Every structure is written in C-alpha cells, then in structure tokens.
Amino acid sequence: MNQIPITRPVSLDVQITVLHPDKSFAVGVPLRVILGTASDWQSPSAGEEMVTGDDGTVQRTVPVVLASKRREVASNFFARLMASRESTRQVQVAVVMEYAGRSWLSAITVDRRASGASLRLDPMRVYGRASDGRFTDDVPLHDGSWHKRLPSGAMASLPGFVVTQATLDPESPAADNAAWRLRVTLQQWEPHVLSAPITSAAGTAR
C-alpha cells in the first residue's frame, strides 16, 4: 500500500520568502499561494493572493491535510537499490508568479521523514494557462530545466525562480502534533529579456 490517507487537518504555519537574484529581500512582489491538492488547485482563482512585505515574506496559518505516504528516500542510485520504504508526511505548495510577461503556476511537494528530515523527492511542476484559463498547460522538463515557447516565438526558461529552501516540521516532536511549520524560500532569476531579431547587412531581419 503506497498511501495511507490522513483526513484530520493540522494547523500549518506557512512562510514563503522571496529573494532578489542578489539574495536581498524582494519587497512588494505579488504572488498567489495554493496549499494542498484539492480538485480546483489549478484554477486561476485557487489559493490566496498575497504581496511580500518588507522582509520579503508572506505568512499565513491555515488548516491543511498532510498526506501520509511510504516512500523510498535513498540519496543515490546504489542506496536506492537496497532502500526500504519509509513513512513521510507530505504537503504540496503551489505559487503563481509572473515571469517573461506571463503568469506561471509552480508546484512542489515537501516530505518530512519519520526520522526527522525534510525532503523534496519529486521535481517541481510548472504550468502555464490553458485556453480555459486554468493552469493545466504542462511545461516540459528537459535536462533539469523547464522551457516554453512564448506567443512572441521566443523560447523562455521558467519559472523565474529557484527554490533554495523547503522544510516541513512539526511544532513539537509528538507524532500526533496538530501544528506544523512550512518554510519555503524562492530566489528570483534575472528578468527575462527577449532576444532581438538578427539583421543582415542588407537590413533584412532573419
């Protein structure tokens, strides 16, 4: 059995910090935060719109159901061959931010091992808006990065930031603790710049 459903919500203290490329606090950045995987999490109205404060953070405490799963958590290929499954508690957090002139939904899953370490065992998923307005246009992952062709025809790397920290911790060591903390840090990339068309000596763009 791969998943043991847990239906009792916990109180989750969520803090997301956004940094500029130089690691200074990104103040006044609008973002939408969606917690969990309810059926409408890819809706354009899902979650809550927030704006980062003077310390580059947004923070909310909300009730969330943390999934309970048994997962292989070995750190390399050879260890994975011998690894047994370990219980983890898990939550998904998704963020909608603008980059390259469009909004993108980026979702990560954070697991916490029963032994006490926070892990990201799955790659981030990035979505653009489909024709119905929902964030279901899956952006493909190639060689460790996401790329999407924009309406202008230019190819853009996405989503415009890297996750430098993601931890999920109970407020106390008790197994049935009803209060948890989620801490996520996003470091923005430099602004996306569209390449100018190459012009020949005769003045014709090509």
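The values are calculated or read from the model by the stated rules, or taken from the named source; none is laboratory data. Given the structure is predicted, the values throughout are model-derived calculations rather than measurements. With ideal geometry, Cβ positions are generated from the backbone for all residues, glycine too; neighbour counts draw on all protein chains shown. Heavy atoms of the whole protein, side chains included, go into the accessibility calculation; ligands, DNA and RNA do not. Shrake-Rupley method; radii C 1.70, N 1.55, O 1.52, S 1.80 Å.
When Gln90, Gln59 are screened for being modelled with pLDDT of 90 or more, farther than 24 Å from Leu150 by Cβ, open to solvent by 30 Å² or more (accessible area, probe 1.4 Å) and in a strand (DSSP E or B), only Gln59 passes. When you check Ala67 against the structure, is it at pLDDT below 90 and open to solvent by less than 50 Å² (accessible area, probe 1.4 Å), yes or no? Answer is yes for this residue.
Here is the figure for the stretch 124-142: residues that are open to solvent by less than 20 Å² (accessible area, probe 1.4 Å) and farther than 24 Å from Val184 by Cβ total 1. Within the stretch 110-123, the set of residues being open to solvent by 10 Å² or more (accessible area, probe 1.4 Å) and not small (Gly, Ala, Ser) comprises Arg112, Arg113, Leu119, Arg120, Leu121, Asp122, Pro123. Note on the stretch 130-159: residues that are out of contact with any Asp or Glu (no Cβ under 6 Å at 6 or more places or on another chain), in a loop (DSSP other than H, G, I, E, B) and more than 27 Å from Lys69 (Cα to Cα) total 11.
Pairing residues of the stretch 101-130 that are under 14 Å from Trp41 (Cα atoms) and in contact (Cβ under 8 Å) with a residue 12 or more places away in the chain with residues that are open to solvent by less than 20 Å² (accessible area, probe 1.4 Å) and hydroxyl-bearing (Ser, Thr, Tyr), at Cβ distances under 6 Å and at least 6 apart in sequence or on separate chains, gives Val126/Ser106. With respect to Ala107, determine if the residue is under 25 Å from His192 (Cα atoms), at pLDDT below 95, open to solvent by less than 50 Å² (accessible area, probe 1.4 Å) and aliphatic (A, V, I, L, M). So Ala107 does not fit the description; no. Hey, any hits in the stretch 157-166 for a residue that's modelled with pLDDT under 95, over 18 Å from Val93 (Cα atoms), of a type outside the set (A, V, I, L, M) and out of contact with any Phe, Trp or Tyr (no Cβ under 8 Å at 6 or more places or on another chain)? Looking through the stretch 157-166, none of the residues is modelled with pLDDT under 95, over 18 Å from Val93 (Cα atoms), of a type outside the set (A, V, I, L, M) and out of contact with any Phe, Trp or Tyr (no Cβ under 8 Å at 6 or more places or on another chain). Residue pairs whose Cβ atoms lie under 6 Å apart, sitting 6 or more positions apart in sequence or on different chains, and linking a residue in the stretch 150-171 that is open to solvent by 10 Å² or more (accessible area, probe 1.4 Å) to a partner that is of a type in the set (Asp, Glu) and modelled with pLDDT of 95 or more, do not occur here. Restricting the stretch 15-44 to residues that are hydroxyl-bearing (Ser, Thr, Tyr) and at pLDDT 95 or above, the residue that is most open to solvent (accessible area, probe 1.4 Å) is Ser24. I want to confirm something. Restricting to the stretch 116-155 and keeping residues that are farther than 17 Å from Ala100 by Cβ and among the hydroxyl-bearing types (Ser, Thr, Tyr), which single residue is farthest from the chain's Cα centre (by Cα)? Per the criteria, the residue is Ser131.
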